[in-house]
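Some notes on the structure that comes next.
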Amino acid sequence: MPVTDDGIASGNKTLCFGLREPDAGSDAFAMKTRAVRDGDEWVLTGTKQWITNSPYADYAMVFALTDAEAAARHKGGVTDFFVGTRARIFRAACHQHQGPPGR
């Protein structure tokens, strides 16, 4: 799907960026999210967190390991998937900051 055909380039649709994970932070090579090809589709499994705009975005750019051996050598193996946030694999929770820690 060409991005310009779906309102992203015009600003009518929004994106969020799904890289960070609970145990890996923003280290792409340490992430646990995996993507495995199943026929013509990819199956993504894993958890992302701290994704600004995820409850409101139309699409997410979700990073996953597609070649764990290459990623372990820091020689690739990480792929970015363009996922519609209405897809059944996508679930976003909204957390509101309640003030400084300890208060």
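The values are calculated or read from the model by the stated rules, or taken from the named source; none is laboratory data. Keep in mind the model is a prediction, meaning the values are calculated, not measured. Cβ sites come from the backbone with ideal geometry, for glycine too, and all protein chains shown count toward neighbours.
Tabulated data
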{"quantity": "One residue from Arg88, Arg37, Arg103 being modelled with pLDDT of 90 or more and among the charged types (D, E, K, R)", "calculated": "Arg37"}
{"quantity": "Scope region 45-55; condition of a type outside the set (Phe, Trp, Tyr) and closer than 18 Å to Ser26 by Cβ; matching residues", "calculated": "Gly46, Thr47, Lys48, Gln49, Ile51, Thr52, Asn53, Ser54"}
